[in-house]
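What follows is one structure encoded as structure tokens, with my remarks underneath.
The values are calculated or read from the model by the stated rules, or taken from the named source; none is laboratory data. A quick note: this is a predicted structure, and the numbers were derived from the prediction, not measured. Positions of Cβ are backbone-derived with ideal geometry, glycine not excepted, and every protein chain shown enters the neighbour counts. Surface accessibility is based on the protein's heavy atoms, side chains included, excluding ligands, DNA and RNA. Shrake-Rupley method; radii C 1.70, N 1.55, O 1.52, S 1.80 Å.
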Amino acid sequence: MKKLIKNTKLGYLSIFILAITSCSDVLNTEPITDVVAPPQDGVVLKNAVDAEAAMQSCNSIFGDEYWQFDYFFLGDAGADVAYAGADGQEFFQIDEYRIIPTNYVIARDWNHIVDFEKRCNKVINYVNEVPDLTPERKEEMIGEASLLRALTRFQGVQTWGPIPMVDIYISSINNQNLPEIYAALYPSRKPIDEVYNAIIADCEVALAKAPTSTSSPTSKYRASKGAANALLAKVYATKPNPDWDKVIQYCDAVIAGGYTLMPTYEQLFDNAHEGNAESIWEVNGEGQGSPINSWCTNVFLGNNWKKFNTPSHTISSALDTKRKAASIKKLPTTFADPYWSTYTQFPFPWKMRATDGTQNFYIFRLADIILLKAEALAHTGDLAGSMALVNQIRSRVLLPNVAPATSQDDAINKVLKERFLELAFEGQRWFDLKREGKTIEILSQQTHPVYNPTTQTTAEVLMPYISNLTNDDLVWPIPQGVLDNNPNLTQNSGY
């Protein structure tokens, strides 16, 4: 049986080489000995210039479609913060929980996650071999790349459940190394607990080796120890068996790390306070031609064509005055929209405003972590402490205290409500609801206004496409093209 399996695997590899070689022969008549050209002299990173370029490639993941666009779309339109907007059928599928495995958005995000992991592996695997880097810089780069890989895998496991994990960087493919690298070329999905253990291990490497976040804005633009504490808090809250004591531990480490809430909510998004005191990990948009061009604003804001992530009536009605002013901008347009059909002004997300590519956005900020600690305190029975933290966030926008929590579930619901208001349009909501197991409960109650031209009245109607949600709907399908190319992958239930 082992011999049969081995022969089967080699058969797939032979087909892989023959297919690529055959395609290449059409374009190039020179003999081909490698599917991927090996680095000169077998050295992947030859010097400090190569190493820094590889590190910059890791950081530039935040300029790609996943982090610039799809992350916000999934977090907001996948929940009750936004409607899909625009006119993309694949995005309507995501918004309306009717995704099919051939959806191109699903495929591109899977490919981005795989690519991000590969970029990080290059640094982690090879930076220690670079001759002209100081030992301190090598350690720092390994810490940063490890945290970026942890963040990448965290996004993957939340979205697809069990995912493949590849720890090696494949610099060349040839007849000699094919059997050795087969598992990395055709990886199988790893159990969720194994994925989370790997994420935690990478975060711990970052805690030991990544740079320390300081009051300097530029320190907020890098993977840092403070960001590692924040990610560990999220991971321990999200893993299948949450460890709420660990969540509190890592939230406390962030809170004690020198970060403070900005005094005015608007200052978080006005583009005049980049790398501010509340920022833990922030993406620094520097414009066209830079490592990170924040083009994402243009797909969410503007009236030259219908944009994505149209604010929902749910969030528009729920937001308090100060957070609404910073979160939603209404402009006169002629867009046709089923949810805002009777309105002369059309709402847009407003937290990302600079349309010249210089917009910054947050991966983590302090208010997020304070509310995560409130969630953990609710789970550990400290309802009063939980509500005190919620009220701390509310006080910034001059809102009264919430009523005391009457039960653990009431406290959790109050925390989720505050996160809904505080973090709207920051890509958090879908992940929050999934973490607490409340996606079906809350989204199945969502309504939208339907205008009756006969009576000239508007009535709230239950969203028809989310009334039959199941747990199978809460993870994305493995892209069909990926399944077709990898015999070791299996599809998620329900697809």
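Worth pointing out:
- At 0.692 mPa s and 37 °C, Stokes D of region 428-469 from Kirkwood alpha-carbon radius, µm² per second: 280 µm²/s
- Taken as Cα centroids, region 319-385 and region 237-295 sit 15 Å apart, rounded to the nearest whole angstrom.
- Average accessible area per residue (Å²) across the chain - probe 1.4 Å, nucleic acids and ligands excluded: 42 Å²
- Note on region 402-445: semi-axes of the ellipsoid equivalent to its C-alpha gyration tensor, largest first and rounded to whole Å, are 18, 14, 8.
- Taking amide hydrogens as placed 1.01 Å from N in the peptide plane, the amide H of ILE173 sits under 5 Å from those of VAL35, VAL36, each at least 5 positions away in sequence or on another chain.
- When all alpha carbon pairs of region 266-350 are counted in 10 Å bins from zero, the resulting P(r) reads 15, 39, 33, 12, 0 %.
- Placing pseudo-labels 7 Å out from each Cα toward the beta carbon at LYS330 and GLU460 gives an inter-label distance of 1.8 nm.
- Other-chain or far-sequence residues with amide H under 5 Å of THR447's (modelled H): MET463
- For the residue pairs LYS225/LYS246; LYS225/LYS373; LYS373/LYS417; LYS220/LYS246, the C-alpha atoms sit more than 20 angstrom apart in LYS220/LYS246.
- Segment ILE100-SER341, extension gain: residue separation times 0.36 nm, minus the distance between their alpha carbons: 83.9 nm
- Just so you know, the Cα atoms of region 341-495 work out to an Rg and Dmax of 19.9, 58 Å.
- Taking θ as phi - 60° and the Karplus parameters 6.51, -1.76 and 1.60, the scalar couplings of region 302-319 work out to x, 10, 7, 7, 5, 9, 8, 6, 5, x, 7, 5, 4, 6, 4, 6, 7, 5 Hz in sequence order, x denoting glycine and proline.
- Each of PRO191, SER60, PHE348 was scored by the projection of its Cα onto the charge dipole of the chain, and the greatest displacement toward the positive side belongs to PHE348; charges sit on the C-beta of Lys, Arg, Asp and Glu.
- Ellipticity estimate at 222 nm from DSSP helix runs (n ≥ 4, -39,500 (n - 2.57)) divided over the chain, nearest 500: -14000 deg cm²/dmol
- Calculated over the chain: convex hull of Cα atoms, volume per residue (Å³): 177 Å³
- Along region 214-219 the Karplus relation, 6.51 cos²θ - 1.76 cosθ + 1.60 evaluated at θ = phi - 60°, assigns HN-Hα couplings of 10, 6, 5, x, 5, 5 Hz to successive residues, with x for each Gly and Pro.
- Here the Kirkwood formula, the inverse mean of 1/r across different C-alpha pairs, assigns region 193-332 a hydrodynamic radius of 17.7 Å.
- Protection proxy ranking, highest mean first, for peptides 292-303, 483-494, 43-54: 292-303, 43-54, 483-494, where packing is the per-residue count of other beta-carbon atoms within 10 Å, averaged.
- Label-point gap, in nm, between ASP243 and GLU129 - each point 7 angstrom along Cα→Cβ: 3.4 nm
- J(HN,Hα) series, region 253-263, from Karplus relation 6.51 cos²θ - 1.76 cosθ + 1.60, nearest Hz, glycine and proline x: 5, 5, 4, 8, x, x, 8, 9, 5, 5, x
- Label positions at GLN445 and GLU286, each projected 7 Å from the Cα along the C-beta direction, are separated by 4.6 nm.
- Once the chain from ASP115 to VAL166 is taken as fully extended at 0.36 nm per residue, the excess over their C-alpha distance is 17.3 nm.
- Straight Cα distances below 19 angstrom link LYS324 to the aspartates and glutamates ASP76, ASP80, GLU266, ASP270, ASP368, GLU418, GLU422, GLU426, with same-chain residues fewer than 8 positions distant left out.
- Cα-based Rg of region 310-381 normalised by 2.2 N^0.38 Å, two decimals: 1.46
- Cross-link partners of LYS122 among aspartates and glutamates (Cα-Cα below 13 Å; sequence separation of 8 or more within a chain): ASP50, GLU52, GLU144, ASP167
- Global size of region 78-134: 18.5, 53 Å for Rg and Dmax (C-alpha atoms, Rg to one decimal, Dmax whole).
- Efficiency of FRET between GLU65 and THR490 - r from beta-carbon atoms, R0 22 angstrom, step 0.05: 0.25
- Student exercise, the chain dipole from Lys, Arg, Asp, Glu Cβ charges, in Debye to nearest 20: 460 debye
- Take each peptide in 149-155, 400-406, 350-356, 159-165, count the other Cβ atoms within 10 Å of every residue, and average; sorted highest first, the result is 149-155, 159-165, 350-356, 400-406.
- Surface share of carbon and sulfur [accessible, 1.4 angstrom probe, percent] for region 236-382: 49 percent
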